[in-house]
Amino acid sequence: MTPRVQDAQITGGRAAPTLLRPKSAQDFEACKVAYLQHLTLRNLSTLSIRQSEQGIRFFVAWLEGKSIPNLHGVGRETFEQYKAELMASQNRRGMPLNFNTVRGRLFIVQRWFAYLKRKGFIITNPIENVKPPPRVKRLPRGVMSTQEIAKVMAQPDLKTLVGYRDRTLMEVLYSTGMRAAEVSSIEVQDVNLEKKVARVRKGKGAKERFVPLTTPCCRFLERYLAVVRPELAQGIRPAGNNWLKKYQTGGNLLFLSAYGGHLQACWLTQLLRGYLTAAGITRPISPVHGFRHTVATHLMESGMDVRYVQVFLGHANINTTQIYTHVERKSMMTQLKSYHPLEKAGNRLRPFAAEEEDDD
């Protein structure tokens, strides 16, 4: 007999459903809720949990479209069919789904089934050995040169509170390579200007790390903390739609909005995109992640060991960091063509003696 579903909690005080004679909605929903609660207890980010919920929802909708009433009807062949249809499907723009997107959706379902087996929801895991499509490794897009970085950083008006905040934000991004969610959630006590280090407490996968701060970054942070942030904390713009909901809600967060509230990741993207446009950079660049790609590339080009870059960026796997070695090699080839004596000589090199005789 299949064990009862023990981990799923159904709202309204109802008992958890069983898999003995499940109804389709109850079966799928209970298993999904239990897994999402498990992810929440593991302290995963809200974004990761939302992506997992979405991936499971897509799979369940596909199963219901195939008239598969419960999880016991899922076999290896069923999952292989789902994989094939994902690889043949298109996104909203009519383009084929990215292989990495397909991999992500398959991994979500496979991790879900692994949890269900571990907790006794299902007896066997028929899809654990299904191989995802190969990972597509692409060079990071939107790497800026040192001249472009300087041009972008020169855009904020340092005579205004918001402008000085934005410049300080850019200095932190280029100094630390933080992700958008990390820089938007960093707090004042996480910054140590004496040791020139910042603590990232809410990194990807709920991992913590310490990142160094450059001297220019510390100088901007010192004045920002002493003069600018206290003014922002008071709320310099108590106007607009629903401003009372945002007014002075930033707490101990390092970077505050004009309302004194939380400067969320979505606002960071919009904010920095405007400065990129003002700097005349029109090629595709991720506003926040572009700084992360850029500092990682510049560190690799300057000779920093890839292992240090891995720790600096907070990558769990060094293979993720290895992508920047490809950028370094590309830069190395450009440098070689510019500085190698034989490349600089070009057509001025004397040919072999035999070739000279043939030409005569």
For a quick check of your reading of the model, give me the residue pairs whose first member lies in segment 27-42 and is closer than 16 Å to H72 by Cβ, whose second is not in a helix (DSSP H, G or I), with beta-carbon atoms closer than 6 Å and at least 6 apart or on different chains. D27/N70; A30/V5; A30/A8; A30/P17; C31/F121
Any idea how many residues of segment 74-119 are touching a helix residue (DSSP H, G or I) at 6+ places or on another chain (Cβ under 9 Å), part of a loop (DSSP other than H, G, I, E, B) and basic (K, R)? 1
Of all the helices (runs of 4 or more DSSP H) wholly in segment 254-348, which have at least 1 residues that are modelled with pLDDT of 65 or more, at negative phi and within 19 Å of the chain's Cα centre (by Cα)? 265-278, 289-301, 306-313
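Any chance segment 167-177 includes a residue that's small (G, A, S) and surrounded by fewer than 20 Cβ atoms within 10 Å (Cβ to Cβ)? Don't jump to the end; show me each part of the working.
Restricting attention to segment 167-177, the residues satisfying the condition of being small (G, A, S) are 175, 177.
Narrowing the set further to residues that are surrounded by fewer than 20 Cβ atoms within 10 Å (Cβ to Cβ) leaves none.
No, segment 167-177 contains no residue that is small (G, A, S) and surrounded by fewer than 20 Cβ atoms within 10 Å (Cβ to Cβ).
Which ones in segment 49-61 are under 18 Å from C266 (Cβ atoms) and either touching a residue at least 60 places away in the same chain (Cβ under 8 Å) or in the same structural domain as E208 (by TED's automatic domain parsing) (or both)?
Pass one, segment 49-61, residues under 18 Å from C266 (Cβ atoms): 49-51, 54.
None - no residue of segment 49-61 is under 18 Å from C266 (Cβ atoms) and either touching a residue at least 60 places away in the same chain (Cβ under 8 Å) or in the same structural domain as E208 (by TED's automatic domain parsing) (or both), so the list stays empty.
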Across segment 207-233, what is the number of residues that are assigned to a helix (DSSP H, G or I), out of contact with any strand residue (DSSP E or B) (no Cβ under 7 Å at 6 or more places or on another chain), over 13 Å from M170 (Cβ atoms) and not polar (S, T, N, Q)? 10
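For every residue, the table says whether it meets (1) over 20 Å from Y35 (Cβ atoms); (2) modelled with pLDDT of 85 or more; (3) of a type in the set (S, T, Y).
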position	(1), (2), (3)
L97	yes, no, no
V102	yes, yes, no
Q110	no, yes, no
A114	no, yes, no
R118	no, yes, no
E128	no, yes, no
P134	yes, no, no
Q147	yes, yes, no
Of a type in the set (D, E) and more than 21 Å from the chain's Cα centre (by Cα), is that true of E128? yes
In this structure, does M170 turn out to be touching a Phe, Trp or Tyr at 6+ places or on another chain (Cβ under 8 Å), aliphatic (A, V, I, L, M) and in the same structural domain as A258 (by TED's automatic domain parsing)? yes
Of (1) of a type in the set (A, V, I, L, M); (2) under 25 Å from the mean Cα position of the chain (by Cα); (3) crowded, with 17+ Cβ neighbours inside 10 Å, L71 satisfies every one except (2)
Any residue at all in segment 181-188 that is of a type outside the set (S, T, Y), modelled with pLDDT under 90 and surrounded by fewer than 21 Cβ atoms within 10 Å (Cβ to Cβ)? yes
Per the list (1) at positive phi; (2) at pLDDT 90 or above, residue check on K83 breaks on (1)
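Might you let me know whether segment 223-236 holds any residue that is under 22 Å from the mean Cα position of the chain (by Cα) and modelled with pLDDT under 85? Don't jump to the end; show me each part of the working.
We begin by selecting, within segment 223-236, every residue under 22 Å from the mean Cα position of the chain (by Cα); these are none.
Taking every residue of segment 223-236 in turn, none turns out to be under 22 Å from the mean Cα position of the chain (by Cα) and modelled with pLDDT under 85.
The values are calculated or read from the model by the stated rules, or taken from the named source; none is laboratory data. It should be emphasised that the depicted structure is a prediction, and the values quoted were computed from it without experimental measurement. Positions of Cβ are backbone-derived with ideal geometry, glycine not excepted, and every protein chain shown enters the neighbour counts.
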